[in-house]
1. Consider the range 128-152. How many of its residues are touching a residue at least 40 places away in the same chain (Cβ under 8 Å) and over 25 Å from Ala96 (Cβ atoms)?
2. Name the pairs whose Cβ atoms lie under 8 Å apart, with the first residue in the range 178-201 and closer than 17 Å to Gly126 by Cβ, the second part of a helix (DSSP H, G or I) and of a type in the set (Val, Ile, Thr), and 6 or more positions between them or separate chains?
3. Taking the stated definitions as given, is Glu228 modelled with pLDDT of 95 or more, acidic (Asp, Glu) and closer than 21 Å to Met202 by Cα?
4. Among (1) outside any helix (DSSP H, G or I); (2) assigned by TED's automatic domain parsing to the domain that holds Val130, which single condition is Met205 missing?
5. Can you find a residue that is part of a strand (DSSP E or B), within 18 Å of the chain's Cα centre (by Cα) and crowded, with 23+ Cβ neighbours inside 10 Å anywhere in the range 74-94?
6. For the range 274-299, which positions are of a type in the set (A, V, I, L, M), free of Cβ contacts under 8 Å to residues at least 60 places away in the same chain and in contact with a helix residue (DSSP H, G or I) (Cβ under 7 Å, 6 or more places away or on another chain)?
Amino acid sequence: MLTLETIRSMARPLGFERVAATDASPVEPTPPQAHRQAQALTADPRGILPEARSVLLLAMPYAPYRPRPGCAAVDAYYVASNRAHENARRLAEAIAETGAKAVMTASLRVKPLAVRAGLGRMGRNGLLAVDQLGTRVSLQVIVTDLPLETTCLADAPLDERCVNCHACERACPARALRGDGSLDITRCVRAQPENLPLPEAMRLMTGASVLGCDLCQRSCPRNAQVGEVDEPEALAAALDLSRLLAGDWKGLIPWLGKNNARRLRLMNRAALAAANEGRTDLLPLLEALSGEPEPLGSHARWSAETLKNRMR
């Protein structure tokens with residue numbers, strides 16, 4: 001029968017540098033003020049696998065990308081998460097090949113389970129930090145019927161490194177972080193509906209990003225030991241703003257996955273990024289998109305006008 005140490009040795013070649021386990025009892029349900037996607041998550045591992053005895057928490061570390069002035073950006077988390085999701089599925093299949101039951105799932109409340117398993121501690125920005133890896137990790141979950149050695153900590157208080165630190169709150173331009181680890185989704189730029197034009201007050205806040213925000217993580221002292229890296233050349237090429245505005249977005253699917261690499265999402269943010277990065281050379285593309293259905297048309301018109309105003 002597999003042990004936790006054996007599973008750790010199986011997980012390491014797949015990129016998971018930390019693996020912890022907790023029991024299969026439920027965690028607290030999602031708070032009512034959370035984002036609608038979080039509301040869809042289940043708190044009970046046995047709702048995923050009725051025979052569950054243990055829950056594996058897997059952490060894959062990643063490094064943030066260095067900003068490239070004038071170019072589109074994407075939070076490196078999404079690239080890591082796409083890889084981690086696939087590799088967690090592979091690990092679950094490898095565990096199942098030994099005769100155990102193992103289900104990789106994205107439907108559980110992963111952060112409270114990770115805290116209970118002793119994998120990390122929650123911060124003011126609502127993110128879990130895993131020792132020196134900081135918050136730069138993609139967390140994945142496997143529910144299994146294996147009777148593994150588990151850790152079951154009581155609900156941990158705020159990470160002690162956050163007690164006298166408010167860097168993430170100051171870094172959020174929308175003031176969406178409440179400071180207690182929760183998020184005001186009405187203020188969060190990332191949580192705004194994608195099928196509606198982004199409020200004008202938020203458009204400058206998106207910067208060059210076409211996916212993700214990352215400001216609270218870049219300011220967090222818990223990430224002091226995590227250095228930046230350059231984007232892979234193929235990813236940088238797929239993020240070219242002129243390509244995205246021309247509707248050539250499918251090159252991002254291998255990096256982000258189909259769920260994250262969606263035409264409307266990427267073109268919307270690319271239009272805003274063009275203005276925020278001062279790309280006056282993209283005015284013809286923005287003007288060509290100004291008649292597109294909302295919200296893309298609205299974003300393209302705003303960006304074109306913003307760039308023209310700066311040229312006057």
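1. Here the count works out to 8.
2. Close Cβ pairs satisfying both conditions: Val189/Thr206.
3. no
4. (1)
5. Yes: the range 74-94 contains one or more residues that are part of a strand (DSSP E or B), within 18 Å of the chain's Cα centre (by Cα) and crowded, with 23+ Cβ neighbours inside 10 Å.
6. Those that are of a type in the set (A, V, I, L, M), free of Cβ contacts under 8 Å to residues at least 60 places away in the same chain and in contact with a helix residue (DSSP H, G or I) (Cβ under 7 Å, 6 or more places away or on another chain): Ala274, Leu282, Leu283, Leu285, Leu286, Leu289, Leu296.
Yes/no per residue for (1) touching a strand residue (DSSP E or B) at 6+ places or on another chain (Cβ under 8 Å); (2) more than 30 Å from Gly120 (Cα to Cα); (3) surrounded by 19 or more Cβ atoms within 10 Å (Cβ to Cβ); (4) not polar (S, T, N, Q):
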residue: Leu239; (1), (2), (3), (4): yes, yes, yes, yes
residue: Gly251; (1), (2), (3), (4): no, yes, no, yes
residue: Leu266; (1), (2), (3), (4): yes, yes, yes, yes
residue: Pro284; (1), (2), (3), (4): no, yes, no, yes
residue: Ala300; (1), (2), (3), (4): no, yes, yes, yes
residue: Glu305; (1), (2), (3), (4): no, yes, no, yes
residue: Asn309; (1), (2), (3), (4): no, yes, no, no
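The values are calculated or read from the model by the stated rules, or taken from the named source; none is laboratory data. Note that this is a predicted model, so its numbers are computed, not measured. Ideal geometry is used to build each Cβ from the backbone, glycine not excepted, and the neighbour counts take in all protein chains shown.
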